[in-house]
Amino acid sequence: MLFRTTIFMCASLALAVAIVLALGSWQLIEDSLLIYILGIGVFVGVYWYLDIHRASRRRQRLRSQILERAGSPANGLAFTNGQKGEFHPAGAIWLKQGGIAIGMDPKGQFARYVQRNPLRDELWIDNVFGLEMAPQIALLSTPTRGISNSLQRILGRPLKQRTILRLSDNTGQAAEFEIHPDHVAKAHDLVRQIDAERAKLTPSTS
């Protein structure tokens, strides 16, 4: 990916230099310069379509497939502790980083973690795990990081927020995932369902 990007940047730079030279002389002195400009321009256009545009469309399709897979049921599961079970999700959410989708089964207290290969446009991880490993599940709203919020602080304006899915255990160890803005409402709904099912399993005290 880095090699292809470098080639594209070099070709774009060559095209820019050729155009600047042409504009600097206010005329194309030789036909060879015109051919050079046209040739580099065609190369950049074709390369953009074949490698960048098509790759982007492949990633979008893979993203849809990963989200669909995370929200799909799975039967006949065998877990590392020897138990068997089934996964019947109430829905799935897309995380903002890492090409990751998480499906949740509130009734069974399971989650399905599906991730794209960070180096290739292909499925990498598909794992179902029990939510007992995360007795505390919360959605947190925190300021986004970056220059934008730094300027907002200077100007005294409200900071832009992001929603974090936090899975933590009884020892205080936690994993945090930023949720894609389009899936925040769905995440709140799934966490509410998980909490409701857990409340049913908790013995009531009189």
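Quick rundown of the values:
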{"read-out": "Filter pass, THR142 being open to solvent by 30 Å² or more (accessible area, probe 1.4 Å) and part of a loop (DSSP other than H, G, I, E, B)", "value": "no"}
{"read-out": "Residues satisfying the stated conditions in region 154-174, i.e. without any contact (Cβ under 8 Å) to a residue 40 or more places away in the chain and either in contact with a strand residue (DSSP E or B) (Cβ under 9 Å, 6 or more places away or on another chain) or within 15 Å of VAL191 (Cα to Cα) (or both)", "value": "LEU159, LYS160, GLN161, THR163, ILE164, ARG166, LEU167, SER168, ASP169, ASN170, ALA174"}
{"read-out": "Hits in region 82-118 (condition: basic (Lys, Arg) and either part of a loop (DSSP other than H, G, I, E, B) or within 11 Å of the chain's Cα centre (by Cα) (or both))", "value": "LYS96, LYS107, ARG116"}
{"read-out": "Every pair of residues 6+ apart whose Cβ atoms lie under 9 Å, when the first sits in region 59-79 and is assigned to a helix (DSSP H, G or I) while the second is aromatic (Phe, Trp, Tyr) and surrounded by 13 or more Cβ atoms within 10 Å (Cβ to Cβ)", "value": "ARG63/TRP94; ILE66/TRP94; LEU67/TRP94; ALA70/TRP94; ALA70/TYR113"}
{"read-out": "Filter result for the condition that a residue is in contact (Cβ under 8 Å) with a residue 24 or more places away in the chain, within 16 Å of GLN65 (Cβ to Cβ) and in contact with a strand residue (DSSP E or B) (Cβ under 7 Å, 6 or more places away or on another chain), over GLY103, GLY85", "value": "GLY103"}
{"read-out": "Only listed residue being closer than 24 Å to THR80 by Cβ, surrounded by 11 or more Cβ atoms within 10 Å (Cβ to Cβ) and not polar (S, T, N, Q), chosen from ARG198, ARG162", "value": "ARG198"}
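The values are calculated or read from the model by the stated rules, or taken from the named source; none is laboratory data. Bear in mind the structure is a predicted one, so any value in this text is a computation, not a measurement. Glycine gets a Cβ as well: all are built from the backbone with ideal geometry, and neighbour counts include every protein chain shown. These accessible areas exclude ligands, DNA and RNA; they are computed on the full protein's heavy atoms, side chains included. Shrake-Rupley method; radii C 1.70, N 1.55, O 1.52, S 1.80 Å.
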